[in-house]
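Below is one structure, written out as structure tokens, with a few remarks after it.
The values are calculated or read from the model by the stated rules, or taken from the named source; none is laboratory data. Predicted model only: the values in this text are computed from it and were never measured. Cβ atoms come from the backbone with ideal geometry, glycine included; neighbour counts cover every protein chain shown. Heads up: the accessible areas ignore ligands, DNA and RNA and are worked out on the full protein's heavy atoms, side chains in. Shrake-Rupley method; radii C 1.70, N 1.55, O 1.52, S 1.80 Å.
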Amino acid sequence: EGINNTSVRYNPVRDVSLGLGVAYKWFSLDVTIALGLRNRSEFENTRSFDIQAGMFSSKQYASLTIQYYQAYEISGFSGIDVSLPDDINRREDARTINLGLKYMFATNYTRFSIKAPFVQNEGQRKSAGSPIIGAGLNVFVLDADSSIVPDEVADYFVPNAHLVDLNLISASVSLGYMYSFVFKKRFFLTLGLIPGLNIYAGDYHASAREYLSPSIHLKINTMNAIGYNSMRFFTGFQFLGDTYFSRLDKKLTAEIGHGKFSFFIGYRFGENKK
């Protein structure tokens, strides 16, 4: 965040991910791993390692995130109208580590299932929703060889926004709501928004090392899915997102987030049971 609410947003270099899912009775596990398989000819020096794992039951959801990315690119600015050359937008020296644990609980689990829209080894036949209670823990580390604010737009940002490293540890509590709309017992649309409070501390370096005393800001979780689930065939799309905010200074806020968008299709073999 800068002088006139300016901001710069970075995205890591995208990668190909492999997924594996296991489900048995009440238990299910979903793991997605990105291991730097994509050929990225525009970048000479980039590495990534990304594991996002989720464990579901009808009333509970727990997730583990382990991410390391080297090489980022600027996805856009806000508050200023500027276009930079590609070689300025690319930052092969920027590296991040993101570690996260999250747990959520659906209080109305007798009528609503978290697992049904995201795993589909069980089905919810009537529209229903539930309050969601959650908690989480995150560790985030950013390191770069020079300021993450390009020199070409340096005057639009406050001095403390010229970060060369950032270290944060945070804990969160959340309370929200998730609802599944069911059509003709097979088609479904699930929407979930679970906001919360993020309690964080850490330090960062711009012109000098600054230490952050424990503070509170916002956190937003979202869990959404749409699809078709029959006794044999199932398919759909999912989007899970996790974003938290940390105010580093009076006019400086860091927004850190990650998410997963998935498409899946499946067929059940064996005996057809309800």
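Observations, loosely collected:
- Simple point charges give the picture: +1 on the Cβ of Lys and Arg, -1 on the Cβ of Asp and Glu, and for the chain a dipole about the Cα centre of about 2460 debye.
- Between the listed residues Ile80, Asn198, Pro150, the Cα displaced farthest toward the positive end of the dipole of the chain, a dipole computed from Cβ unit charges relative to the Cα centre, is found at Asn198.
- Top of Ala225, Ala53, Ala154 by mean-square fluctuation, Gaussian network on the chain, Cα under 10 Å: Ala154
- Mean separation of Cα contacts under 8 Å, 6 or more apart, over the residue count of the chain: relative contact order %: 13
- Against the criterion of solvent-accessible heavy-atom surface with a 1.4 angstrom probe, Asp165, Asp249 sort, most first, into Asp249, Asp165.
- Spin-label pair Tyr103/Glu210, simplified geometry with 7 Å Cα→Cβ offset, distance in nm: 3.4
- The range 171-255, dipole about Cα centre (Lys/Arg Cβ +1, Asp/Glu Cβ -1), debye to the nearest 20: 520
- Surface exposure of the range 79-150, expressed per residue as accessible area with a 1.4 Å probe, stands at 46 Å².
- Whole-angstrom Cα spans of the range 120-266 along principal axes, big to small: 61, 30, 23
- For the range 97-173, the set of trypsin sites (Lys or Arg not before Pro) satisfying both a DSSP loop assignment and a count of at most 15 other C-beta atoms within 10 Å is given as Arg111, Arg125, Lys126.
- Most simply put, the range 166-248 has about 100% antiparallel DSSP beta bridges, counting only bridges with both residues inside it.
- Local net charge near Ala106, Cβ-Cβ under 11 Å (Lys/Arg +1, Asp/Glu -1): +3
- Extension gain, Asp203-Asp87: 0.36 nm per intervening residue step, less the Cα-Cα distance, totals 38.8 nm.
- Solvent-accessible area, 1.4 Å probe, carbon plus sulfur percent, for the chain: 59
- Links that overshoot a 29 Å alpha carbon limit, given the list Lys59/Lys219; Lys219/Lys251; Lys59/Lys260; Lys59/Lys184; Lys115/Lys184; Lys184/Lys219: Lys184/Lys219
- Sparse packing (at most 11 other Cβ atoms within 10 Å of the Cβ) combined with a DSSP loop state is found for the following trypsin sites (Lys or Arg not before Pro) in the range 200-261: Arg232, Lys250.
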